[in-house]
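Participant: Handing you a structure now.
Please treat every number below as a calculation from the coordinates, not as lab data. Note that the structure is predicted; figures quoted are calculated from it, not measured. Here the Cβ is made from the backbone with ideal geometry for all residues, glycine too, and neighbour counts use every protein chain on show.
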Amino acid sequence: MRIVRTGAITAVGLLALTACSGATGDDNAPADDAAESTEIRLWVNGGDTPQELRDYLIDTFAAENAGSTLVIEEQDWNGLVPRLQTALASAEQTPDLVEIGNTQAPTFTYAGAFTDITDLYSELGGETLLQGFVEAGSADGAVYALPYYSGARAVFYNKDVFAAAGVEVPTTLDEFTEVAVALQAANPNGTANFSGFWLPGQDWYNGTAWIYSHGGDLAVQDGDQWVGALSSPASQEGLAQLQTLFTEATNAPRDADSNEPWVPFNNGEAAMFSAPTWARWSIDLPECNKGVDPEDTSDEATALRGEQQACNEEKTGVFPLPGLTAGEPATVFAGGSNIAIPAKSENQDLAKNLLRIIFSETYQTMLAENGLIPANSEYASAMGDDVYATAAIDAALGARLTPAAEKWADVEGARILEDFFQQVASGADLVDAAAQADQLIADTLN
């Protein structure tokens with residue numbers, strides 16, 4: 001049995017977390033901190049939470065907690081783990097509510113970094129919450145981190161480039177490889193460094209789809225030990241197909257990650273890219289851009305932005321990455337986040353009030369309307385029934401998280417997967433590279 005630590009641990013060999021599990025705040029804090037004039041801090045990561053939703057949280061929190069204010073601070077996903085290790089260990093530095101990647105949740109949960117919120121579980125959604133994310137944030141029968149949102153990846157493609165290259169939307173993973181290679185070879189617009197499919201070498205988030213879809217895994221548990229699984233026959237089969245894409249279907253940098261794949265797509269440097277479906281709002285094709293000042297809120301500017309978006313969506317298609325058999329989606333990585341109250345926060349009651357707002361029907365619906373799969377599955381229908389919502393839901397049906405290992409965040413913090421996938425992209429021998437990565441994974445997890 002894995003026990004939540006009540007002492008300190010060191011993750012990724014860096015700073016120790018000294019938070020105690022089940023904490024309810026400083027013993028000297030006021031009994032009813034919700035009544036105090038207090039500023040609380042919420043950490044969100046990247047730009048996945050739109051400004052409209054941030055404004056709603058700030059305004060609603062102020063209205064429901066007289067005299068108190070919410071400050072939202074955006075963090076970069078890169079380097080998040082060591083930044084959390086530092087902040088969560090200090091009552092002075094810790095945020096009061098924190099978004100954390102679903103793959104990082106088990107490590108911080110078992111470290112005792114978060115407050116036990118089991119008593120809120122049913123009130124905030126219970127069994128209708130995304131259960132894989134709940135599991136990632138639970139330990140020893142208690143809940144410490146709840147799902148925030150999910151976003152299974154789908155493939156965006158330029159319809160005009162597809163037509164010019166004479167290819168169709170693929171229906172199997174084998175066909176996807178063929179189409180991606182054909183697009184790159186055709187390069188109908190003669191673009192320098194053109195990619196049939198934008199796939200940077202360190203992009204393990206997308207790369208795991210080939211491993212998972214062929215029945216492989218990143219790591220598996222053997223008794224009380226974890227072992228790397230990249231050397232398994234199934235993983236090797238998926239990696240071989242992925243290496244073909246790296247060598248014949250993309251000119252993306254070998255030493256780059258999955259950050260902002262729509263940028264080369266917007267620049268005409270890629271015919272396809274894979275990302276959560278909320279990436280639709282980041283597509284900005286030159287032929288559709290109206291040159292509207294982002295700060296212009298006039299009716300005319302709003303109308304032009306609407307025309308711009310309609311044009312982008314007319315010229316861009318989207319489909320779930322296909323699986324081994326026609327009609328079934330690939331098993332993609334389930335992106336998304338958990339959310340938790342740091343045990344060191346001195347504003348526990350106010351943080352719980354903010355959680356109630358986040359898990360309200362209004363906010364959950366807003367998440368869905370912005371293309372995010374909400375934490376509460378009851379409100380997923382608010383995503384709509386357009387091609388983006390359909391692709392997201394189809395992709396999410398078989399999506400998987402990373403192994404629920406206590407020290408998985410250490411694997412990510414050590415960038416083992418980034419280094420391994422970069423080797424794959426650079427043409428390394430798959431058997432040798434996988435054996436080395438498997439050993440590093442096992443050494444890190446055990």
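Participant: Between segment 377-446 and segment 189-239, what is the C-alpha centre distance in whole Å?
Facilitator: So the two Cα centres are separated by 7 Å.
Participant: Across segment 357-371, in residue order, what do the Karplus-derived ³J(HN,Hα) couplings come to in whole Hz, using 6.51 cos²θ - 1.76 cosθ + 1.60 with θ = phi - 60° and x for Gly and Pro?
Facilitator: 5, 4, 9, 6, 4, 4, 6, 4, 5, 5, 4, 5, 5, 9, x
Participant: In whole Å, how far is the Cα centre of segment 127-188 from that of segment 96-118?
Facilitator: Here the answer is 26 Å between Cα centres.
Participant: Would you grab the residues whose amide H sits under 5 Å from the one on Ala275? Only those 5+ places off in sequence or on another chain, please, with H modelled 1.01 Å from N.
Facilitator: So Ala275 has HN proximity to Ala154, Phe156.
Participant: A follow-up question, please. Test of understanding: ordering Val134, Val431 by Cβ neighbours within 10 Å, fewest first, what list do you get?
Facilitator: In order of increasing Cβ crowding within 10 Å: Val431, Val134.
Participant: Please give the helix 387-397 orientation as an angle from the longest Cα principal axis of the chain, in degrees from 0 to 90, rounded to the nearest 10.
Facilitator: Approximately 70 degrees, to the nearest ten.
Participant: To continue, here is another question. Enumerate the amide H contacts of Val143 below 5 Å, restricted to partners 5 or more residues apart or on another chain; note that Pro and chain-start residues carry no placed amide H.
Facilitator: Those lying under 5 Å, H to H, from Val143 are Ile117, Thr118.
Participant: What spacing in nm lies between the two simple spin-label points modelled at Glu287 and Tyr121, each 7 Å away from Cα in the Cβ direction?
Facilitator: The answer from the label model is 5.3 nm.
Participant: Quick check on the exposure proxy: order Ser90, Ser232 from fewest to most C-beta atoms within 10 angstrom.
Facilitator: Ranking Ser90, Ser232 by Cβ neighbours within 10 Å, fewest first, gives Ser90, Ser232.
Participant: Report the Cα-based extents of segment 154-303 along its three principal axes, largest first, to the nearest Å.
Facilitator: That works out to 64, 36, 28 Å along the principal axes.
Participant: Over segment 214-365, one equal point on each Cα, no solvent: what is log10 I(q)/I(0) by the Debye formula at q = 0.11, 0.12, 0.20, 0.21 Å⁻¹?
Facilitator: For segment 214-365, the Cα-only Debye profile gives -0.78, -0.89, -1.26, -1.31.
Participant: Still on this structure, I have one more. Could you calculate the FRET efficiency of Asp296 with Thr191 from 1/(1 + (r/R0)^6), where r is the beta carbon distance between them and R0 is 35 Å, rounded to 0.05?
Facilitator: Given R0 = 35 Å and the Cβ-Cβ separation, E is 0.65.
Participant: On to the next question. List the GluC sites (Glu not before Pro) within segment 63-111 that fall in a DSSP loop (any state other than H, G, I, E or B) and whose Cβ has at most 13 other Cβ atoms within 10 Å.
Facilitator: For GluC sites (Glu not before Pro) across segment 63-111 that sit outside H, G, I, E and B with at most 13 neighbouring Cβ atoms in 10 Å, the list reads Glu92.
Participant: While we're on this one: With just the Cα atoms of segment 275-431, tell me how far they stretch along each of the three principal axes, in Å, largest first.
Facilitator: 55, 51, 32
Participant: So what is the relative contact order of the chain, in percent, for Cα pairs below 8 Å that sit 6 or more residues apart?
Facilitator: Dividing the mean separation by the residue count of the chain yields 26 percent.
Participant: Something else now. For the residue pair Ala164 and Asp443, what label-to-label distance in nm results when each label sits 7 Å from Cα along the Cα-to-beta-carbon direction?
Facilitator: 4.8
Participant: From Cα coordinates alone, what are the radius of gyration and Dmax values for the chain in angstrom?
Facilitator: Computed over the Cα atoms of the chain, radius of gyration and Dmax are 22.3, 70 Å.
Participant: Another question about this same structure. Take every Cα-Cα distance within segment 360-403, group them into 10 Å bins from 0 onward, and report for each bin the whole-number percent of pairs it holds.
Facilitator: Here the calculated profile for segment 360-403 is 30, 51, 18, 1.
Participant: For segment 46-121, what is the Kirkwood hydrodynamic radius in Å, using each pair of distinct C-alpha atoms?
Facilitator: Hydrodynamic radius (Kirkwood, Cα pairs) of segment 46-121 is 14.3 Å.
Participant: Using Cα-Cα distances under 8 Å and only pairs 6 or more residues apart, what relative contact order does segment 267-327 have, in percent?
Facilitator: Relative contact order of segment 267-327: 33 percent.
Participant: Kindly express, to the nearest 10 degrees and within the range 0 to 90, the angle between helix 299-315's C-alpha long axis and the longest C-alpha principal axis of the chain.
Facilitator: That works out to roughly 50 degrees.
Participant: Sort Asp386, Asp119, Asp419 by Cβ crowding within 10 Å, fewest neighbours at the top.
Facilitator: Listing Asp386, Asp119, Asp419 from fewest to most nearby Cβ atoms yields Asp119, Asp386, Asp419.
Participant: Stokes-Einstein at 25 °C, 0.890 mPa s, Kirkwood radius from Cα pairs: D for segment 339-446 in µm² s⁻¹?
Facilitator: Rounded to a whole number, D works out at 140 µm²/s.
Participant: In whole Hz, with x marking every Gly and Pro, tabulate ³J(HN,Hα) for segment 324-331 from phi via Karplus 6.51 cos²θ - 1.76 cosθ + 1.60, θ = phi - 60°.
Facilitator: Karplus values, whole Hz, x for Gly and Pro: 5, 10, 4, x, 10, x, 5, 8.
Participant: Determine, from the Cβ-Cβ distance of Glu260 and Ser360 and an R0 of 35 Å, the FRET efficiency 1/(1 + (r/R0)^6), rounded to the nearest 0.05.
Facilitator: It comes out at approximately 0.70.
Participant: Once amide H atoms are placed 1.01 Å from N in the peptide plane, what residues at a sequence separation of 5 or more from Gly336, or on another chain, have their amide H within under 5 Å of its amide H?
Facilitator: So Gly336 has HN proximity to Asn102, Gly151.
Participant: Another question, if that's okay. Using helices alone, what [θ] at 222 nm do you get for the chain, with -39,500 (n - 2.57) per DSSP H run of 4 or more residues, divided over all residues and rounded to the nearest 500?
Facilitator: Computed ellipticity for the chain at 222 nm equals -11000 deg cm²/dmol.
Participant: Then there's this: List the lysines whose alpha-carbon lies under 18 Å from that of Lys159, not counting same-chain residues fewer than 8 positions away?
Facilitator: Lys315
Participant: Taking the Cα atoms only, what angle lies between the long axis of helix 430-445 and the longest principal axis of the chain, rounded to 10 degrees?
Facilitator: For 430-445 against the chain, the angle is about 0 degrees.
Participant: Further question on the same structure: Can you give me the Cα centroid spacing of segment 255-276 and segment 279-318 in angstrom?
Facilitator: 18
Participant: Taking the DSSP beta bridges in the chain as the whole, what percent of them are antiparallel, to the nearest 5?
Facilitator: Approximately 75 percent, going by the DSSP bridge assignments.
Participant: I need to check one value: relative contact order of segment 168-326, counting alpha carbon pairs closer than 8 Å and at least 6 residues apart, in percent.
Facilitator: 30
Participant: Moving on to the next point. Along the Cα→Cβ direction, 7 angstrom out, place labels at Cys311 and Arg83. What is the inter-label distance in nm?
Facilitator: Those two pseudo-labels are separated by 3.5 nm.
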